[in-house]
Each structure stands twice: as C-alpha cells, then as structure tokens.
Amino acid sequence: MNSKFHKIYRKIKKYKNIVIARHIGPDPDALGSQLGLKEIITNKFPNKNVYAVGASASTFRYLGDLDKFNDDLYKDSLLIVLDTPDARRVDGVTPKRFKEVIKIDHHPFVEKFADIELIDDTASSASQLVIEMVNHTPFRMTKLAAERLFVGVVTDTNRFLFKYTTPKTFDLISKLIKETNIEFTDLYEKIYLRPVKEIRFQGYISDNMTITENGFAYIKLTDKDIKKYNVDAATAGNMVSNFNYIDGVYAWAVFTEDLGLDQIRGSIRSRGPIINEIASNYGGGGHIFASGVRLKNFDDVDRIVVDLDQACKEYRNQD
C-alpha cells in the first residue's frame with residue numbers, strides 16, 4: 001500500500017496540469033476528498049494547475065467551489081479519480097482522453113480504468129485514503145484540507161456508526177485533529193444544520209414510506225412532491241441515512257424523480273442484506289450496505305423494489 005502512495009506522489013509531482021474528478025451525484029466524501037486533495041497538492045506545488053471538476057451540489061457548497069472544465073485540459077494532463085469504481089460513473093470528464101489516470105477508491109473493485117489504482121475496500125471512505133496518503137508521502141496536511149477530509153470521513157461513516165469504521169479510522173482522525181487543530185464541532189453544525197423545509201420534507205417521507213412484510217422500506221417521490229416542499233432531488237436522496245434505525249427494517253431506499261436529468265435517483269441503504277450487487281444490475285453500484293442507482297422510470301423502480309425486498313426476505317430467513 002505504501003508503495004502505491006509514493007507512486008501516486010511521484011506521478012503528481014511530474015505533471016503541470018492535474019484534473020481531480022469523482023462520481024456523479026456527489027456526496028460529502030466525494031467532494032471532501034476531491035477538494036481536500038486539491039488543497040493538499042496546491043499547498044505542496046503552488047505552481048501547478050489543479051482543477052476539481054464535476055457538477056456542483058448546492059447542499060454541500062460549504063466544502064468549497066468547483067472549477068470549470070474545458071477540452072483543452074485533456075491534453076498532457078493527469079486525471080485523478082476519487083471515490084468511483086467504474087469509468088462510466090466519473091462526473092464531467094472522459095478518463096480515457098487523459099494522458100494518464102490515477103484512481104483512489106474505497107469501493108469493491110468493479111473495473112480497471114486507470115494506470116495506477118489504489119483500492120482499499122476496508123477503508124471507511126475516499127477521504128480516509130487521502131489522509132493516509134498524506135501521512136506516507138512528502139505531502140503536508142493543511143487545516144482547510146483537514147476540514148474537508150474530516151467531513152468526508154464523518155459523513156461516509158455516519159458519525160463513525162457504520163460497520164466499516166475501524167480502529168485505523170479513529171487513529172487517523174485523532175492524528176488529524178491533533179496536528180491541524182480543526183474545530184470539528186463547528187464542522188458538525190455545517191454538516192447537519194437543516195432548513196425547516198427539509199425537516200418538514202423528512203416528516204413527509206416518514207409518514208409516506210412503504211414498509212414490506214420482509215422489512216424493506218421505500219418511498220417513490222415525484223417531481224410534484226419535491227416542488228411542494230421546495231427542495232431538490234439531491235436533497236431527498238441525502239435524507240436516506242436519516243432512517244438507519246427502524247426496528248424491523250433491514251434495507252431502505254428513497255427513489256426521487258429528477259426531471260432535469262430525466263431519470264429517477266435511487267439512494268439505498270442496508271443493515272444486513274447486500275445491496276450493491278442489486279444496484280449494479282441496474283447500472284448503479286457502491287458499498288454492500290450503501291449504494292446508489294439512476295433509473296429510467298418508475299417501472300424500473302418497481303422492479304428493483306422487488307429485488308431488494310427479496311434480499312431482505314433472504315436475509316431475515318437466515319436468522
């Protein structure tokens with residue numbers, strides 16, 4: 001593992017132009033690792049041109065601003081892809097058009113599309129891997145980078161509650177806080193402070209969620225539902241983790257109509273059944289207990305609901 005960190009460092013040192021990307025529909029780990037790595041590289045190499053690209057997410061604007069991408073950046077540039085196991089889910093760029101590509105990811109392996117691939121599916125997050133890389137290379141951690149990476153780790157572990165939180169995760173975060181003196185309580189407020197409209201929308205989801213006899217909970221949200229509460233499709237999907245501890249529910253999902261992208265966003269979570277294989281069958285993917293999917297219509301939603309419900313049934317019958 002350490003040798004790959006050094007290979008990545010040497011490759012970054014070599015290039016003048018570096019583009020950093022992550023998956024479509026970014027969460028705080030994708031954005032935190034992306035913007036945190038940009039800060040780390042520019043701090044060490046201030047004369048390099050470093051671009052963090054992809055669609056913005058207004059909910060996570062506090063993490064920092066993204067850069068505009070143009071086709072000229074493909075030429076003689078290094079691409080670093082974070083938090084993304086397969087090329088088709090990279091947001092905003094086409095990996096094969098770059099001179100060289102690095103992948104840093106904590107998802108189970110899906111496909112090889114980079115010249116250097118650092119994959120550790122025991123890591124809590126892509127942000128954790130970036131922290132590890134800094135600790136094993138001449139890079140230095142800045143306070144701004146530490147804040148972004150802390151947010152990435154905290155959100156992807158759901159405040160260190162998920163099963164893939166390890167002693168290494170705690171050790172790295174403890175070292176990060178000691179060395180940079182970040183005000184992590186202030187960061188929690190940025191992460192979890194919500195407008196009243198979102199709290200009311202969460203109540204609507206709670207009231208209208210369907211729970212099957214096999215322990216699968218889900219809701220289908222239309223564009224009309226979204227507009228009624230003046231939120232967006234991304235906001236709805238990000239609420240999926242608010243339903244982690246419902247007695248008798250083993251997996252749950254929020255399916256949200258996004259007319260702007262002409263698709264249905266699906267955010268899926270689990271407390272036991274393996275869900276990433278099912279998500280992969282529908283063009284999505286992720287972790288065994290946290291996955292996402294983009295579907296064409298609500299007919300596809302009905303089909304994946306059947307599969308997820310069956311997974312819950314099989315899991316329950318193991319007891």
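For the chain, the spherically averaged projection of the C-alpha convex hull amounts to 16.1 nm². The modelled label-to-label distance between TYR192 and ASP307, using points 7 Å beyond Cα along the C-beta direction, is 3.4 nm. Summary of packing: across the peptides 97-105, 179-187, 60-68, 227-235, the per-residue average of other C-beta atoms within 10 Å ranks them, highest first, as 97-105, 227-235, 60-68, 179-187.
Cross-link partners of LYS296 among lysines, defined as those whose alpha carbon lies under 22 angstrom from its own and excluding same-chain residues fewer than eight positions apart: LYS220, LYS224, LYS227. Our estimate of slack between LYS99 and LEU259, defined as 0.36 nm per intervening residue step minus the Cα-Cα distance, is 54.1 nm. Each part reduced to its alpha carbon centroid, the stretch 162-232 and the stretch 1-39 end up 25 Å apart. In this rough spin-label picture, where each label sits 7 Å from Cα along the Cβ direction, the PHE109-ILE211 distance is 4.0 nm.
Could you work out the helix-only [θ] at 222 nm for the chain, with each DSSP H run of four or more residues adding -39,500 (n - 2.57) and the total divided by the number of residues, to the nearest 500 deg cm²/dmol?
Theoretical 222 nm ellipticity from helices: -12500 deg cm²/dmol.
Mind checking the angle between helix 143-156 and the chain's longest principal axis? C-alpha axes, 0 to 90 degrees, to the nearest 10. Here the helix axis deviates by roughly 30 degrees. If I take all pairs of Cα atoms in the stretch 93-198, what percentage of them are more than 24 Å from each other? Here the long-distance tail beyond 24 Å is 33 percent of all Cα pairs in the stretch 93-198. If R0 equals 30 Å, the separation of the Cβ atoms of ASP120 and ASP65 corresponds to a calculated FRET efficiency of about 0.55. Annotation: the antiparallel percentage among DSSP beta bridges lying fully within the chain is about 45.
Here, each number is a calculation from the coordinates, and none is a lab measurement. Keep in mind that what you see is a predicted model, and the values were worked out from it rather than measured. Note: ideal-geometry Cβ built from the backbone for every residue, glycine included; neighbour counts use all protein chains shown.
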